[in-house]
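The values are calculated or read from the model by the stated rules, or taken from the named source; none is laboratory data. The shown structure was predicted, so the numbers you read here are calculated from the model rather than taken from an experiment. Here Cβ is always computed from backbone atoms with ideal geometry, including for glycine, and neighbour counts include all displayed protein chains. Just the protein is used for accessible areas: all its heavy atoms, side chains included, with ligands, DNA and RNA removed. Shrake-Rupley method; radii C 1.70, N 1.55, O 1.52, S 1.80 Å.
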Amino acid sequence: KGAGHHDRQPPFLRHMIVRAACRAGLGLWLLLALACAADAPARSPAEIMDILMWNREPVGGPFELIDHTGHTRTERDFRGQLMLVYFGFTFCPDVCPTDLQAIGLTLDKLGKDGDSVQPLFVSVDPERDTPEHLAEYVPMFHPRLIGLTGSAEAIRKAADAYKVYYAKIPATQNASEYTVDHTAFIYLMDREGNYLGFFPPGTSAERMVEIIRPRLAEP
Ligand code: NI
């Protein structure tokens, strides 16, 4: 009789994680990712969700990447500014553009105060997202948005630090094409590069302004 109780707990927990993922608009992505486990990185999306939801591990840290003008950038370049860090890829049909638009709008709404917020778009598709390609993409969302790319290793390292899940998924019709499944959280970092929290995908600019503005008043 005792076994039943213990057997029920893991599915319940799993259900909670899936429900949280769905609330964040990630249900389909999670199912896709689970179906393509062969191409998945070390940690599953559910593990990543769990770490972020319950603050189980530190988020953020050092990175060394190439910006859309071809210059090497590290996290130290943005000390003294709040950072809005978003991982995605330029071929993303829907989620990335929507969130990048919200980030651009957030900066517009912050006005002059927004100058001490640095938005960063880190590509999880370095193969296609060259600095040149990023240079055509990021200005569509905001003139101050910096696009970052780099070697596959440098991207994986940055993504691991930020607890970002991503995996290359071959397209069903054409073997030479692929898409990239990825978590789409917008990370807010303080002036020293410490993690303050994340905005789920689909967060409105109004909500981001509400959270960011009080932080700007702090030294
Ligand atoms: Ni995307």
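Let me confirm something: among ALA167, ALA159, ALA184, which residue is outside any helix (DSSP H, G or I) and within 11 Å of the chain's Cα centre (by Cα)?
Details: ALA167 fails: within 11 Å of the chain's Cα centre (by Cα); ALA159 fails: outside any helix (DSSP H, G or I).
Only one candidate passes the filter, namely ALA184.
Could you identify the single residue in LEU100, LEU134 that is of a type in the set (A, V, I, L, M), within 15 Å of the ligand (Cβ to nearest atom) and over 16 Å from MET208 (Cα atoms)? Give the derivation first.
On the way: LEU100 fails: over 16 Å from MET208 (Cα atoms).
Residue meeting the stated conditions: LEU134.
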Out of (1) over 16 Å from the mean Cα position of the chain (by Cα); (2) assigned to a strand (DSSP E or B), the odd one out for GLY114 is which?
(2)
Would you be able to say whether some residue in segment 145-155 is at pLDDT below 95, in a strand (DSSP E or B) and hydroxyl-bearing (Ser, Thr, Tyr)?
no
Are any residues in segment 175-219 open to solvent by 60 Å² or more (accessible area, probe 1.4 Å) and among the polar types (S, T, N, Q), and if so, which ones?
SER176, ASN194
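Can you tell which of ALA171, ALA158, ALA217 is away from the ligand (no atom under 13 Å from the Cβ) and in contact (Cβ under 8 Å) with a residue 24 or more places away in the chain? First the steps, then the outcome.
On the way: ALA171 fails: in contact (Cβ under 8 Å) with a residue 24 or more places away in the chain; ALA217 fails: in contact (Cβ under 8 Å) with a residue 24 or more places away in the chain.
Just one listed residue meets the conditions, ALA158.
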Just to check your reading of the model, which residue among ALA159, ALA152 is out of contact with any Gly (no Cβ under 9 Å at 6 or more places or on another chain) and open to solvent by less than 10 Å² (accessible area, probe 1.4 Å)?
ALA159
Answer residue from segment 67-94, given it is more than 16 Å from the ligand (Cβ to nearest atom) and in a loop (DSSP other than H, G, I, E, B) and is surrounded by the most Cβ atoms within 10 Å (Cβ to Cβ) among those
HIS68
